[in-house]
Every structure is written in structure tokens, then in C-alpha cells.
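Novice: Got a structure for you, written out below as C-alpha cells; questions coming shortly.
The values are calculated or read from the model by the stated rules, or taken from the named source; none is laboratory data. Quick caveat, the model's predicted, so the values are computed rather than measured. A quick note on method: Cβ atoms are made from the backbone with ideal geometry, for glycine too, and the neighbour counts reach across all protein chains shown.
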Amino acid sequence: MTKPTKDTPQIFLCYARKDKKPVSELYKKLSDASLKPFMDTKDILPGEDWKQKLMNTIREAPFFLACLSNNSIDKRGVIQEEIREALDVWRQKLDSDIYFIPVRLQDCAVPGALAKFQWVDLFHDGGFERLKLAIDTGLERIGVVRSIRLRSKPLANLSKNDVKLMLQGNDFYHVDWYWMGKGVQHQYEVLKNGKVVFDKTIGLTWQRSGSNEITYDGVKQYMHDLNKQRFAGYNDWRLPTLEEAMSLMEPKRNKHGLYIDKVFDQRQKWIWTADHTSAGVAWVVGFYGGGCLDYSLGDFYVRAVR
């Protein structure tokens, strides 16, 4: 089978017409997560042979999501043809491949022919995050490195529960909250005479090193000075969000004892982020401990991003 490219639909959505609304919402969530879903009402152009397009996409896409509800489990017609075609494709896969994923949109029975596959309940808390984890794992197993978009706008009231869901959704490692996280398959490139590191996977440019230890009150002045002097030729440096900073976390310690790639300066054991839990309490990421915490006081480092 040809390795999918960035333009290949990655996720075929099989569903009953009465479930168009929740499946459209799932389509948007997958798209927002930098994935490429396929839905007939959105991706088949007027004049195309719709049935041929459906079957070709099922054969080409790395994932088939059978969206199940009380509207679909006994549905005859095209939906059954799609499932039969997908099962034929699945039989040609390796045992380790993740391809056929039953997705329950509501509490409903899973047809016997599909019960061999572990399903995910989209209507439960964390359901989408588990689905995204399965897709990310499946892509990794077939050697596809996908680009990732992370939140860049700071939040003023980011709670611990929000952070835990974010870690699961992105498969980020945290020594206590998500120790099974695999982290990001980075593609780092050192640029600007060794001053910055460009992450091709996420599309962010980082300071390779960073500040000395400073309080949060000193962060604003540090960022001002960094941009005024046009560090590495840029004047749009900023503090990373917690999501961006946690993307640097590696699931294993390096030879220096830190959970970050050795391409970075190892002095920055803890870094400030732009996210807060409340006024005066900011999230920090600790590469020495392998996690993140919210702090109101303390001297930590800055590793700026753009």
C-alpha cells in the first residue's frame, strides 16, 4: 500500500444520514487537530462518481471510523457496503496496524462483526482524546509524521483538569498525570549560528538556550529586550503556552537527566509559560522533574518561541 501523503484523506467517516450533525462536529474536531478527515457531504464534489469516490477513499485512507448509533446499527444500504469494503481492507493490514475504529456516538449495541475491535465512546469525557491517541499511534506505526498545530493564545484560567485533558489529547508525557504519553516525534533543525531550533513537526522556532533564572515580574522586560535587539534576526518572540512548552517534553531522561532533547541548552530546567490558573499564578514546565505545575513565586527560566 502506498504511504499516505499530507494531501491524502487520513480518516474515512462512515455514518448514518441521521447522524450528520454529530459526525460533522467530529469532522471539525479532527480537522482542528491537524488531521484530514473525509466526509461524503464535505469532500465529494458535484459531478463526481460518489460511490467510486467512497470506495477509493476507503481503500486509500489509513483509518476507517465506523460511527455507531441507534440510527446506524441496523441500517442497510451504502453504510453496510462501506463497512464490508473496510473489513476487506483490514484483512490485508498487519496485525499491529490500527485501521478499523468503531466510534459510538451514543450508548448503543456494537454489531457482532465489529465487536473484535476496541471501540471508543465519543459521548464520554476524554472520548475524543482517546480517539486522537489511537490515530496518532496508528500513524506512527505506519511511519507517517504529521504536522501538529498547538494553541498559541495564552489562557488566564487554565485549570489542572484542562491540562490533564490536553496532555491526553496530544499524547504528551507527564511523569504523574500522563506517564504513558509518547510525546512528539520532532524534526529539529538548528539555525542562525546555533541560536535557535526550528521544529518542523510543529512549525515553531525556539531559543536554543534562554534566560538566566528570573521571577515572573522580570519576564516582560526580558521579552522586551529580546525583541528590541532582534534576537537571531526576529522581533516577534513570546512566551510559549503550556501546550507548546509541554510539546518539548520527552518521555525519557537524556544523559543530563532532563526530559528534553539534547539539542537544547540543558541549563533551562524549568521554564515559564504564558498560561495562568488565576491572576498572579502561572504554569511552569519542569524538564528536570518531567511535568508542569502552577506557581505564584519562584525563579525560573525563559525559553522564548515564535
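Novice: Collect the residues in the range 272-306 that are of a type in the set (S, T, N, Q) and surrounded by 22 or more Cβ atoms within 10 Å (Cβ to Cβ), keeping them in residue-number order.
Specialist: The answer is T273, and nothing else.
Novice: Continuing with this model, one more query. Would you please list the contacts, defined by Cβ atoms under 9 Å and residues six or more apart or on different chains, that run from a residue in the range 29-55 that is under 30 Å from N170 (Cα atoms) to a residue that is among the polar types (S, T, N, Q) and surrounded by fewer than 13 Cβ atoms within 10 Å (Cβ to Cβ)?
Specialist: Cβ pairs passing all conditions: S34/S147.
Novice: Which residues, counting only those in the range 51-75, are under 17 Å from K20 (Cα atoms) and out of contact with any helix residue (DSSP H, G or I) (no Cβ under 7 Å at 6 or more places or on another chain)?
Specialist: L65, L68, N70, I73, D74, K75
Novice: Something else: Give the range 32-50 a look and list any residue that's of a type in the set (G, A, S) and within 17 Å of P22 (Cα to Cα), or say none.
Specialist: Residue satisfying the conditions is A33 alone.
Novice: Mind listing whichever residues of the range 155-199 are of a type in the set (A, V, I, L, M) and either closer than 23 Å to Y295 by Cα or in a loop (DSSP other than H, G, I, E, B) (or both)?
Specialist: Once the filter is applied, which keeps residues that are of a type in the set (A, V, I, L, M) and either closer than 23 Å to Y295 by Cα or in a loop (DSSP other than H, G, I, E, B) (or both), the range 155-199 yields L155, A156, L158, V163, L165, M166, L167, V175, M180, V184.
Novice: Can you name the condition, by its number, that E82 falls short on among (1) acidic (D, E); (2) in contact with a Pro (Cβ under 9 Å, 6 or more places away or on another chain); (3) touching a residue at least 40 places away in the same chain (Cβ under 8 Å)?
Specialist: All conditions pass for E82, except number (2).
Novice: Every residue in the range 7-41 that is over 27 Å from the mean Cα position of the chain (by Cα) and of a type in the set (S, T, Y), please.
Specialist: none
Novice: Further question: For the range 151-170, which residues satisfy the criterion of being in contact with a strand residue (DSSP E or B) (Cβ under 8 Å, 6 or more places away or on another chain) and surrounded by 15 or more Cβ atoms within 10 Å (Cβ to Cβ)?
Specialist: Of everything in the range 151-170, those that are in contact with a strand residue (DSSP E or B) (Cβ under 8 Å, 6 or more places away or on another chain) and surrounded by 15 or more Cβ atoms within 10 Å (Cβ to Cβ) turn out to be P154, L155, L158, V163, K164, L167, Q168.
Residues checked against (1) buried (at least 17 other Cβ atoms within 10 Å of the Cβ); (2) of a type outside the set (A, V, I, L, M, F, W, C); (3) out of contact with any Gly (no Cβ under 8 Å at 6 or more places or on another chain):
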| position | (1), (2), (3) |
| --- | --- |
| D176 | no, yes, no |
| M180 | no, no, yes |
| G183 | yes, yes, yes |
| V196 | yes, no, yes |
| D199 | yes, yes, yes |
| I202 | yes, no, yes |
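Novice: Moving on to the next point. Enumerate the helices (runs of 4 or more DSSP H) found wholly within the range 42-149, keeping only those where 1 or more residues are over 26 Å from the mean Cα position of the chain (by Cα) and loosely packed, with under 12 Cβ neighbours inside 10 Å.
Specialist: The helices (runs of 4 or more DSSP H) meeting that bar are 50-60, 78-90.
Novice: Restricting attention to the range 227-243, does a residue exist that is under 18 Å from the mean Cα position of the chain (by Cα), outside any loop (DSSP other than H, G, I, E, B) and at pLDDT 95 or above?
Specialist: Yes, the range 227-243 contains a residue that is under 18 Å from the mean Cα position of the chain (by Cα), outside any loop (DSSP other than H, G, I, E, B) and at pLDDT 95 or above.
Novice: Which residue, of L258, L239, L226, L248, is touching a Ser or Thr at 6+ places or on another chain (Cβ under 8 Å) and either in the same structural domain as G194 (by TED's automatic domain parsing) or at negative phi (or both)?
Specialist: L239
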